[in-house]
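Beneath this line is the structure, given in structure tokens, with notes to follow.
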Amino acid sequence: MTENFKNFDESDGQQFCEKGEAAMVGDVAMDVDARIVDLQAKLESQTDLYVRALADLDNFRKRMQKDREEIRTIITSAIIEDILPVLDHFELGLQSAESHRATEILEGFTMVFDQLKRILISYGLSEVVPRDQEFDPHEHECVRREYADTVRENIVICVVRKGYKLNNRLIRPAVVVVSTKQRPEAHE
């Protein structure tokens, strides 16, 4: 009987041990599953933060590029606005040299003037010369109205000073004389 008892005790104890181990293994498996779910959630959260950070970095790069382009445009505009009076005076000097028949001087200044204009054009400068066009107050500045019976009303008949645009943005309006159909009053 002692053997039976001993066998019973050993087998019962082994069964108890096996049940205890199974319970422990089940608990460990549940803990591992919970840990896996927790790590997957953390991975998803970190992945989301990473993707957002990349998007923010890309937006920052684009914003910096746009800011650089805007600063360049502003600086270029300021420089060209300062050069425009020089361009005007240069053109007047060329006209004066032409009227005095100083051909060699005229040729030299013409070459320099053309080179300066090419440089400014390469930076996006374009002239506003509205002769024979409809007056546009957004691009022209009227300094005088003159009677013209052969020209329609509100047409630019004379450009006093050229206007300029930089990359299609007006930086200086053209100064013009505009036609009118009203006859000037006779002075008594």
Figure the gain on full extension for Glu141 and Met111 (residue separation times 0.36 nm, minus the Cα-Cα span) and round it to one decimal in nm.
-> 7.8 nm
Please name whichever of Thr103, Val175, Ala78 sits farthest to the positive end of the charge dipole of the chain, dipole taken about the Cα centre and charges placed at Cβ: Lys and Arg +1, Asp and Glu -1.
-> Thr103
Which whole-number percent of Cα pairs in the range 31-106 have a distance greater than 15 Å?
-> 77
Please work out the C-alpha center-to-center distance from the range 105-132 to the range 50-80 and express it in whole Å.
-> 31
What is the gain in length, in nm to one decimal, between Arg161 and Asp33 on full extension, counting 0.36 nm per residue of separation less the C-alpha to C-alpha distance?
-> 37.9 nm
Report the full-extension gain for the segment Asn59 to Asp82: residue separation times 0.36 nm, less the Cα-Cα distance, to one decimal in nm.
-> 4.8 nm
Among the GluC sites (Glu not before Pro) in the range 140-176, which ones are in a DSSP loop with at most 14 other Cβ atoms within 10 Å of the Cβ? Mind listing them?
-> Glu153
Cα Rg, Dmax, the chain, angstrom units | 43.4, 154
Quick one: if you stick a label point 7 Å off each Cα along the C-beta vector at Glu44 and Asn168, how many nm between them?
-> 4.7
Charge dipole (debye, nearest 20) of the range 127-188; +1 at Cβ of Lys and Arg, -1 at Cβ of Asp and Glu | 320
Where Cα atoms sit under 25 Å apart: lysine pairs in the chain separated by 8 or more or lying on different chains = 5
Rounded to the nearest 10 degrees, the helix 103-122 long axis (Cα) sits at an angle to the longest Cα principal axis of the chain of 30
If each of Arg152 and Ile119 carries a label point 7 Å out from its Cα toward its Cβ, how far apart are those two points in nm?
-> 4.1
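Bear in mind that the values in this text are calculations on the coordinates, not laboratory data. What you see is a predicted model; the values in this text were computed from it and never measured. Glycine gets a Cβ as well: all are built from the backbone with ideal geometry, and neighbour counts include every protein chain shown.
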